[in-house]
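Notes for the one structure printed next.
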Amino acid sequence: MRLTQLTRAFAIVICTIGVARAQNAAPVPAERLAAREWFRDAKFGMFIHWGVYSQLGQGEWVMENRGIPIDTYEWLASAFNPIKFDAHAWVATARAAGVKYITITARHHDGFSMFATKVTRYNIVDWTPFARDPMKELAAECRANGIKLFFYYSQLDWHHPDYWPRGRTGHSTGRPESGNWNRYLDFLDAQLTELLTNYGPIGGIWFDGLWDKPDADWRLAKTYALIHRLQPAALIVPNHHEAPKPDEDVQTFEQDLPGANTAGFNTREIGALPLETSLTMNQSWGFNITDKKFKSVKELIGYLVRAAGNDGNLLLNIGPRPDGTIQPEAVERLHAIGDWLRTYGRSIYGTRGGPVSPRSWGATTRRADTVFVHVLDWPDRSLSLPPVGAHIVRASMLSGGQAVSFVESRDGVTLTLPPPTTGEPDRVIVLETSGRS
Ligand code: H79
C-alpha cells in the first residue's frame, strides 16, 4: 500500500468513527466496510424486474395503474408459468455484459413473493403451476459465476391486508379498511430473514416503496439490525429518495445520476456512502410489450461512464418477458456494452471519480496515479481540462496506445486527440501522473 493510500485509509477509518459518534451509532464492522469498497469497485450491475405483472406487458405498476382488485390479480398470479426461465442463460447474459452484480425483484409492490416463503402462500412456489423458486436457481448460478446477487424488496404492499393505514397508493385493491401495521412489519422481517438465510451469502437488500408512507414508523433500526446480524457483509440499498439514514450502506438514485434530479423525486443531497444510479434500458422497469424506446448503446455506455465519473455505479435494468426470456433488444445492448468493456473496462472497474468533475463533454475516472479522460461528446480534436492535481508524465489512447500530445500550464492541460469517429461511444485517454501534487 502506498503512503497516500495508507493516509486515505486512515482518514476513512477516522471519519467513520467520527460519523458513528455523531450519529451515536456503532462503528461499521470491517466486513461491511469491505463490502462497500467491493461495491464501489464493481461499477456495473444488472437490475431485473420480473413478476406476475410481466404477463400483462404494461410494466410493474399495472395493478395500481389499472385499478386491478386483489382477487383478479390473485388469479393472474395463479397463471404465472415462465417455462423458459433459465437462470444459466440469464447469468450468461449478465456475464457477457460485464456486470459484477444482479439485483432482482424478490417482491415488488404487488406483494407477490417470487421466492419460497413460509409466511404467505402468495408466492411463486405455492401459488403457481411453475412451483419452482427462481431466486434459488439464480443464487446458485450467480455463485458459480462470481456475480453477487442483491434482492429488491418492496416495503410497499398492494396485497397484504395489514398494510394499513394506506399510503399514497394501493387504494383500489378492495382490501378491508383496517389492519395491523406492526404485524405487517413482522411479516416483512420474517421474509427478510428467509431471504438472508436460504440463499447463501447475498450482496444485500435493495429496498423500495418507503416513499409510499414517508412519515410512518417503519422500524428501520430493527429491520436493518436484523439484516446485518444475519449477514454482516450484506449491504442495505434503500431507494427512499431521501438522504441516507443510519445503518444504510449505499445511496441509490432512480433514473438519475447522483445528485441530479431530472426525475423530480430524487434528493440532491449526496452523503459519504457508495453511490448507484438505477436506469431503465427503455422507459419501463417491468416488461412492457410496446415500449420500444430503447436507449442506444452509445447512450448506455455514456450513462455507465458518467456514473463512474460521479463516483457511482450503474444498475441497468431489464424487464424479462413472462415466459422467462429476455427481449432481444436488451440482450443485444448488454452484449455490446460487454464488448466495449472488454477493451475499456480498466477505465471503469475499480476506479473512483476522477479529478475533473463531470462535464458536458464527458467525465474522468481515476485509479491510483492513472487518470482516465472519457470524451463522450466533443466534436473537436483539442480539449482543455482544468488542473488534474498532478504532473502528467504521459498521455495515450486507451485503445491502441497511441500517444496523445499535451500541453500543461498553470490553468490545466490541453490535449490533442485523434478526431472522433462516427458512432464511437467514448474516446478514452489515459493520463499517467506523477502522483498528486
Ligand atoms: O421498481 C421500480 C419502480 O416500480 C419503482 N422504483 C423503480 C426501481 C417506482 N415506483 N415509483 N416510482 C418508481 C416513481 C416514484 C414516484 C413517486 Fe410518488 C413520486 C414516489 C413519491 C412521489 C407517485 C406519487 C408515486 C407515489 C406517489
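The values are calculated or read from the model by the stated rules, or taken from the named source; none is laboratory data. Note that the coordinates shown come from a computational prediction; the quantities given were computed from them, not determined experimentally. Because the Cβ atoms are built from the backbone with ideal geometry, glycine has one as well, and the counts that use them run over all protein chains shown. Ligands, DNA and RNA are excluded from the accessible area calculation, which covers all protein heavy atoms including side chains. Shrake-Rupley method; radii C 1.70, N 1.55, O 1.52, S 1.80 Å.
Of the numbered conditions (1) open to solvent by 10 Å² or more (accessible area, probe 1.4 Å); (2) part of a helix (DSSP H, G or I); (3) of a type outside the set (Gly, Ala, Ser); (4) within 16 Å of the ligand (Cβ to nearest atom), Tyr73 fails exactly one; give the number of that condition.
Checking Tyr73 against (1) open to solvent by 10 Å² or more (accessible area, probe 1.4 Å); (2) part of a helix (DSSP H, G or I); (3) of a type outside the set (Gly, Ala, Ser); (4) within 16 Å of the ligand (Cβ to nearest atom), the one that fails is (1).
I need a count of the residues in region 254-285 that are outside any loop (DSSP other than H, G, I, E, B), open to solvent by less than 20 Å² (accessible area, probe 1.4 Å) and of a type outside the set (Gly, Ala, Ser). Quick ask: steps written out before the conclusion?
First, pick out the residues of region 254-285 that are outside any loop (DSSP other than H, G, I, E, B): 254, 275-280.
Narrowing the set further to residues that are open to solvent by less than 20 Å² (accessible area, probe 1.4 Å) leaves 275-280.
With of a type outside the set (Gly, Ala, Ser) added as a condition, the list becomes 275-277, 279-280.
Going through region 254-285 one residue at a time, the tally reaches 5.
For Pro29, are the conditions met, namely being modelled with pLDDT of 95 or more, farther than 30 Å from Gly338 by Cβ and in contact with a Gly (Cβ under 6 Å, 6 or more places away or on another chain)?
Values: modelled with pLDDT of 95 or more: yes; farther than 30 Å from Gly338 by Cβ: yes; in contact with a Gly (Cβ under 6 Å, 6 or more places away or on another chain): no.
No, not satisfied.
In the set Pro425, Pro386, which member is within 34 Å of the chain's Cα centre (by Cα), open to solvent by less than 60 Å² (accessible area, probe 1.4 Å) and within 18 Å of Leu341 (Cα to Cα)? Walk me through it before giving the result.
Working: Pro386 fails: within 18 Å of Leu341 (Cα to Cα).
When all the criteria are applied, what remains is Pro425.
Can we say Glu276 is within 16 Å of the ligand (Cβ to nearest atom), touching a residue at least 60 places away in the same chain (Cβ under 8 Å) and under 15 Å from the mean Cα position of the chain (by Cα)?
Values: within 16 Å of the ligand (Cβ to nearest atom): yes; touching a residue at least 60 places away in the same chain (Cβ under 8 Å): yes; under 15 Å from the mean Cα position of the chain (by Cα): yes.
Taking the combined requirement at face value, the residue satisfies it.
Please indicate, with yes or no, whether at least one residue in region 39-48 is open to solvent by 40 Å² or more (accessible area, probe 1.4 Å) and among the aliphatic types (A, V, I, L, M). Give the derivation first.
Residues of region 39-48 that are open to solvent by 40 Å² or more (accessible area, probe 1.4 Å), as a first pass: 40-41.
Subsequent filtering for residues that are among the aliphatic types (A, V, I, L, M) retains none.
Checking region 39-48: not a single residue is open to solvent by 40 Å² or more (accessible area, probe 1.4 Å) and among the aliphatic types (A, V, I, L, M).
Against the conditions (1) closer than 26 Å to Gly170 by Cα; (2) in a loop (DSSP other than H, G, I, E, B); (3) open to solvent by 50 Å² or more (accessible area, probe 1.4 Å); (4) not acidic (Asp, Glu), where does Trp218 fall short? Just the number, please.
Just one mismatch for Trp218, condition (3).
List every residue pair whose Cβ atoms sit under 6 Å apart, with the two residues 6 or more apart in sequence or on different chains, where the first one lies in region 252-265 and is more than 9 Å from the ligand (Cβ to nearest atom) and the second, anywhere, is part of a loop (DSSP other than H, G, I, E, B) and polar (S, T, N, Q).
Within 6 Å, the pairs are Phe253/Asn266; Asp256/Thr262; Asp256/Asn266; Leu257/Asn310; Pro258/Asn310.
Could you tell me which residue of region 173-187 is farthest from the ligand (Cβ to nearest atom), considering only residues that are surrounded by 15 or more Cβ atoms within 10 Å (Cβ to Cβ) and not in a helix (DSSP H, G or I)?
So, considering only residues that are surrounded by 15 or more Cβ atoms within 10 Å (Cβ to Cβ) and not in a helix (DSSP H, G or I), the one farthest from the ligand (Cβ to nearest atom) is Gly179.
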